[in-house]
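Here's the structure we're looking at; comments come further down.
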Amino acid sequence: MSKRIAVLVSGGGTNLQALIDAQSQGKLGGGELCAVIASKPGVFALERADKAGIPGYVVSRKDYPSSQAMTVALVDKLRALRVDLVVLAGFMVILTEEMVQAFPNAILNVHPSLIPAFSGPGCYGLHVHEQALAYGVKVTGATVHFVSRECDGGPIVLQQAVEVREDDTPETLQRRVMEQAEWVILPQAVSLFCQGRLSVDGRAVHVLPPGGGAG
């Protein structure tokens with residue numbers, strides 16, 4: 001039975017598009033994108049979902065008195081949709097622990113650095129690449145990890161390195177990290193999850209061979 005996937009978005013949805021493209025190519029490991037949920041109305045990601053024939057929903061932060069109240073409403077929505085995997089793809093609202101409790105080791109997030117570098121509270125979007133350039137690293141990249149209570153602190157599923165160039169700006173680096181890393185490893189991680197090939201052991205995530213150990 002295919003795994004039902006909900007993608008949570010707050011903006012343009014470029015990582016969502018990578019998942020839509022992977023699904024159309026049969027590369028999501030049998031997973032099915034069953035819902036796109038936005039944290040505010042009118043975002044372009046909802047147009048991408050509509051074009052791909054994926055139901056779109058809005059659970060708006062401003063409609064709730066607290067992050068916790070919004071998280072509870074989101075969990076209720078995800079449960080009603082019978083979701084197996086939640087993917088955070090540029091979702092800019094901090095979710096409270098009710099989400100992790102409802103979907104333990106079943107929430108994937110993509111972060112535009114090689115965690116633990118340039119991660120944690122306040123490290124998002126262009127800020128991450130500004131910090132990487134300011135620090136002078138020669139290599140950066142992206143990380144897909146399971147979401148835990150700690151911001152950007154959950155078990156790491158996949159990482160992909162990207163070279164930093166001498167003439168990079170935060171904007172050029174952001175674009176290259178998306179194209180060479182985020183859009184590559186996010187669909188891979190979703191596919192591995194949907195195939196039942198991710199085993200979490202404390203902080204370590206082991207990728208099992210195809211067929212669950214049959215070589």
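Restricting to Cα pairs below 8 Å that are 6+ residues apart, what does the relative contact order work out to for region 127-215? Please round to a whole percent.
Relative contact order here is 26 percent.
Hey, what do the phi angles of region 195-207 turn into as Karplus ³J(HN,Hα) couplings, whole Hz, using 6.51/-1.76/1.60 and θ = phi - 60°, x for Gly and Pro?
7, x, 9, 10, 10, 9, 10, x, 7, 8, 10, 9, 8
Would you please give the residues with an amide H less than 5 Å from that of Val87, counting only those at least 5 places away or on a separate chain, with H modeled from the backbone geometry?
Ala6, Val7, Leu8, Leu108
Can you list the residues, at least 5 places off or on another chain, whose amide H is less than 5 Å from the amide H of Gly141, using H built in the peptide plane?
When sequence neighbours closer than 5 places are left aside, the close amide H contacts are Leu114, Val162.
List the residues, sorted by chain then number, that are 5 or more residues from Val157 or on another chain and whose placed amide H is less than 5 Å from its amide H.
Placed amide hydrogens put Val144, His145, Phe146 under 5 Å from Val157.
Kindly rank 88-99, 191-202 from highest to lowest mean number of other beta carbons found within 10 Å of each residue.
Final packing ranking: 88-99, 191-202.
Could you work out how far apart the two model spin labels at Gln25 and Lys62 are, taking each label as a point 7 Å from the Cα in the direction of the beta carbon, and quote it in nm?
Each label point is offset 7 Å from its Cα along the Cβ direction, giving 3.8 nm.
What's the Kirkwood radius of region 82-174 in Å, using all Cα pairs?
Over region 82-174, the inverse of the mean reciprocal pair distance is 13.9 Å.
How high is the FRET efficiency between Arg203 and Tyr135 when r is their beta carbon distance and R₀ equals 25 Å, given to the nearest 0.05?
0.55
Placing +1 at every Lys and Arg Cβ and -1 at every Asp and Glu Cβ, with all other atoms neutral, what dipole size does region 1-148 have around its Cα centre, in debye to the nearest 20?
Computed about the Cα centre, the dipole is about 140 debye.
Mean separation of Cα pairs under 8 Å and 6+ residues apart, divided by the residue count of the chain: what relative contact order is that in percent?
This gives 20 percent for the chain.
Restricting to lysines 8 or more places apart or on different chains, can you count the pairs in the chain with Cα atoms under 17 Å from each other?
5
Percent of accessible area on region 31-169 owned by carbon and sulfur, 1.4 Å probe?
51 percent
Counting helices only, and only those DSSP H runs with n ≥ 4, report the 222 nm mean residue ellipticity of the chain as the sum of -39,500 (n - 2.57) divided by its residues, in deg cm²/dmol to the nearest 500.
-9500 deg cm²/dmol
Cβ neighbours within 10 Å, averaged per peptide: list 12-24, 121-133 in order, most packed at the top.
In descending order of packing, they fall as 12-24, 121-133.
Could you provide, to the nearest whole Å², the per residue accessible area of the chain with probe 1.4 Å?
With all protein chains present, the chain gives 48 Å² per residue.
Roughly speaking, what is the centre-to-centre gap between region 74-103 and region 160-211 when only Cα atoms are used, to the nearest Å?
20 Å
So what's region 46-120 giving for Cα Rg divided by 2.2 N^0.38 Å, two decimals?
Output field value: 1.20.
Want the number for Ala117 to Arg165: 0.36 nm per residue separation, take away the alpha-carbon distance, what's left?
Extending this stretch completely gives an extra 15.5 nm.
For region 99-109, what does the Karplus curve 6.51 cos²θ - 1.76 cosθ + 1.60, with θ = phi - 60°, yield as ³J(HN,Hα) per residue in whole Hz, taken in order and with x for Gly and Pro?
Here the 3J(HN,Hα) series is 5, 5, 5, 6, 10, x, 6, 9, 10, 10, 10 Hz.
The values are calculated or read from the model by the stated rules, or taken from the named source; none is laboratory data. Just so we're clear, the structure is a prediction, and the values are computed from it rather than from any experiment. Reconstructed Cβ throughout: ideal geometry from the backbone, glycine too, with neighbour counts over all protein chains shown. When the accessible area is computed, the model is the full protein with side chains, heavy atoms only, and any ligands, DNA or RNA have been set aside. Shrake-Rupley method; radii C 1.70, N 1.55, O 1.52, S 1.80 Å.
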